[in-house]
Amino acid sequence: MAERLSYRNFQRNVNNLNHFHHKIIMSDEAIIINEEALTEAFIPTRLLHREGQIRELERCLRPALKNRSIENIFLVGTSGTGKTTIANGVLRPW
């Protein structure tokens, strides 16, 4: 069960948050180092823990380099797991 806060404790929490927020905003240290990484167009230079999927996609596409038919490819996963990023990363050199 949630703990009930008195008005005084609530106000203290709000003041702490305001102080923390002000400290971050007024700081010379950036919270976000690369804003481009937050855009849809951003493609990371390396994809962690995706080597197997990248190799499999490359294997499926390799016959196209010799003007041969390729296998059907169906990328499945929840939103934000890197499907488009992997596809773009593999296809970019072509």
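The values are calculated or read from the model by the stated rules, or taken from the named source; none is laboratory data. Worth saying up front: this structure is predicted, and the values here are computed from it rather than measured. Because the Cβ atoms are built from the backbone with ideal geometry, glycine has one as well, and the counts that use them run over all protein chains shown.
Things worth noting here:
- The range 66-77: number of residues that are in a helix (DSSP H, G or I) and either surrounded by 11 or more Cβ atoms within 10 Å (Cβ to Cβ) or at pLDDT below 90 (or both): 0
- Looking only at residues in the range 78-88 that are on the phi < 0 side of the Ramachandran plot and in contact with a Lys or Arg (Cβ under 9 Å, 6 or more places away or on another chain), the one that is surrounded by the fewest Cβ atoms within 10 Å (Cβ to Cβ) is T85.
- The set of residues in the range 33-61 being out of contact with any helix residue (DSSP H, G or I) (no Cβ under 7 Å at 6 or more places or on another chain), in a helix (DSSP H, G or I) and of a type in the set (D, E, K, R) consists of E35, E36, E51, R55, E56, R59.
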